[in-house]
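What follows is a short report on a single structure.
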Amino acid sequence: MIIVSACLLGLNTKYDGTTNAQALIQKYSSSGKFIPVCPEQLGGLPTPRSPMEIVNGTGKDVLLGRCAVQGEQGEVVTSKFVLGAKEVFKIVEMVKVTAAILKERSPSCGVNHIYDGSFSHHLRAGQGVTAAILKEHNVPVYSEVELSEERILKLLRDDEGH
Ligand code: SF4
């Protein structure tokens, strides 16, 4: 099975109550291989919610307790992000997950880049909290921006073999 950020599949889980639907990913939703997850909702955050960013670090730093996740007004939501990541990892423990396709730049799902905590649309290299927990447990993680149709088909073929 392949974990996919729910907003990429067209679910309205994004902070503003909308979606980040990606036609290329949605095209393969009928494969029956995708598990849609929204770590921020699984962590108990409401939708809509404030925009949130990791401040002074990355998802890995959050998991190590070295930095916080905050909302735009300064509210600290670190525990919700850690809980959401752990809930997603519970799914990895329940079923055979061969890969994850996650939304780039999100403080939960970002794979290569996240916003830098200044709430000014600046990016930093690093992963979101859920991407970090999956990588820590050797789940191959891809972002929607690096996925070609060929790569999605390969992920589906590889998953078929399990
Ligand atoms: Fe999408 Fe992940 Fe944000 Fe949920 S936490 S809305 S799945 S990017």
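Quick note: the coordinates plus some simple rules give every number you see, no bench work behind them. Only a predicted model underlies this, so the values are computations on that prediction, with no experimental measurement involved. Virtual Cβ from ideal backbone geometry, glycine too; neighbours counted across all protein chains shown.
With only Lys, Arg, Asp and Glu charged, each at its Cβ (+1 for the first two, -1 for the last two), find how big the charge dipole of the stretch 2-160 is about the Cα centre; round to the nearest 20 debye.
So the magnitude is around 200 debye.
Rounded, prolate or oblate, given the Cα gyration tensor of the stretch 1-43, with a/c below 1.5 counting as rounded?
Taking the square roots of the gyration eigenvalues as a ≥ b ≥ c, the stretch 1-43 is oblate.
Using Cβ counts within 10 Å as a stand-in for footprinting exposure, how do Cys7, Cys109 rank, fewest first?
Going from least to most buried by this count: Cys7, Cys109.
Any idea how far the Cα center of the stretch 99-151 sits from the one of the stretch 1-77, in Å?
When both Cα centres are located, 10 Å separates them.
Among bridges DSSP assigns within the chain, what percent are antiparallel (round to 5)?
40 percent
For the chain: lysine pairs with Cα atoms under 14 Å, gap of 8 or more or different chains, count?
Going through the chain pair by pair, I get 6.
Under the rule of -39500 (n - 2.57) per DSSP H run of 4 or more residues, summed and divided by the residues of the chain, what mean residue ellipticity at 222 nm is obtained, to the nearest 500 deg cm²/dmol?
For the chain, the value works out to -8500 deg cm²/dmol.
How large is Rg/Rh for the chain, to two decimals, with Cα atoms and a Kirkwood Rh?
Taking Rh as the inverse mean 1/r over Cα pairs, Rg/Rh reads 0.95.
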